[in-house]
Amino acid sequence: MGYGRMGRMVEHVALQRGHSIVGIKSDRSEPPDVWLQKFGPADVVIEFTSPDSAFDNIAACFRAGIPVVSGTTGWQKRLSEAEALCRAHQGAMIASSNFSLGVHLFFELNRWLARRMIKFPEYRPVILESHHTGKKDMPSGTAVQLAQDLIQISGQKGWQLNSAEQEDLLSVFSSRVPGEVGRHQVIWTSQVDRLEIRHHAFSREGFALGAVMAAEFLAGRQGMYSMRDVLGFTEDSSE
Ligand SMILES: NC(=O)c1ccc[n+]([C@@H]2O[C@H](COP(=O)([O-])OP(=O)(O)OC[C@H]3O[C@@H](n4cnc5c(N)ncnc54)[C@H](OP(=O)(O)O)[C@@H]3O)[C@@H](O)[C@H]2O)c1
């Protein structure tokens, strides 16, 4: 579902990995339930559309009994609703704001570092993210995930966008730059030094590969999974 920048890359990677594509939903005006009835059974749907379309597309997949991998960002306020629908229909779903393997390693590093830095209040964290000018949501879903993980560990009250006004909120700075595929940084600064971790995506292929790997994992399963399940990461907080 969705035949934009990501949809085309998913098509390329899926074919490269020997899969068949039974349908492509490129017309947003066609209701997803109608579109899903047009072809024979599919093992899985991969959805990269837009924030206003994702929930309806995902719900239609549950009704049709087809597992769904969704990479669309900016609709996560409705995630718990989607999870409830998934349970009600005994469906299967993996939704992730970022399917790149490198970013999931980055999420692990962010949590690992935060658990250590929290003991040193002289260091304050900020998140920076930069994407291409066609991106519809701000901050990125990946930056929101990094912020939520930091907030959970640091106990800050929430985050603020492009502002450092409130001391008790984590600052997330977003910029939109022509041609930038995706860059994220977490920076801890004290009076005397700074420590930073960063991830920079060179192309969309890494996102598409992760989404196709998630689809391979999800086909034939039931329930809600994450990229951590797909990648086999288990967190050891004592590490
Ligand atoms: N999770 C990840 O790893 C990851 C990586 C990159 C991007 N993303 C996210 O994935 C989404 C898509 O990114 P993109 O770069 O591919 O955007 P894009 O180039 O704008 O492509 C999205 C396409 O989906 C179409 N669309 C929207 N609603 C639809 C519907 N109901 N049915 C069929 N097609 C529909 C759009 O058509 P219109 O032009 O008519 O709206 C557009 O052609 C964004 O939310 C982006 O933030 C996620």
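The values are calculated or read from the model by the stated rules, or taken from the named source; none is laboratory data. This one's a predicted model, so the numbers in the text were calculated from it and none came from an experiment. Every residue, glycine among them, receives a Cβ derived from its backbone with ideal geometry; neighbour counts consider all protein chains shown. Side chains included, ligands, DNA and RNA excluded: accessible areas come from the protein's heavy atoms. Shrake-Rupley method; radii C 1.70, N 1.55, O 1.52, S 1.80 Å.
A few notes on this one:
- Kyte-Doolittle mean at least -1.0 and Cα axial length at least 20 Å: DSSP H helices in the chain: 101-117
- Whole-percent carbon and sulfur share, accessible surface of the range 101-201, 1.4 Å: 55
- Over the range 65-150, Cα pairs under 8 Å with separation of 6+ residues give a relative contact order of 35 percent.
- Accessible area per residue for the chain, computed on protein heavy atoms with a 1.4 Å probe, is 51 Å².
- Here the scattering of the range 70-165 is modelled by Debye summation over its C-alpha atoms, one equal scatterer each and no solvent; at q = 0.11, 0.15, 0.17, 0.25 Å⁻¹ the log10 of I(q)/I(0) is -0.41, -0.73, -0.90, -1.39.
- Pairs of Cα atoms nearer than 8 Å and 6+ residues apart set the relative contact order; for the chain it is 23 percent.
- Each Lys and Arg contributes +1 and each Asp and Glu -1, all at the Cβ; summed about the Cα centre of the range 1-133, the dipole is approximately 460 debye.
- The tail of the calculated P(r) for the chain beyond 34 Å holds 19 percent of all Cα-Cα pairs.
- In this structure, the amide hydrogen of residue 92, modeled 1.01 Å from its nitrogen in the peptide plane, lies closer than 5 angstrom to those of 68, 223, counting only residues at least 5 positions away or on a different chain.
- Every helix of 4 or more DSSP H residues in the chain counts as -39500 (n - 2.57), and over all residues that averages to -11000 deg cm²/dmol at 222 nm.
- Neighbours of residue 103, meaning other residues whose beta-carbon lies under 14 angstrom from its beta-carbon, give a summed charge of +1 when Lys and Arg score +1 and Asp and Glu score -1.
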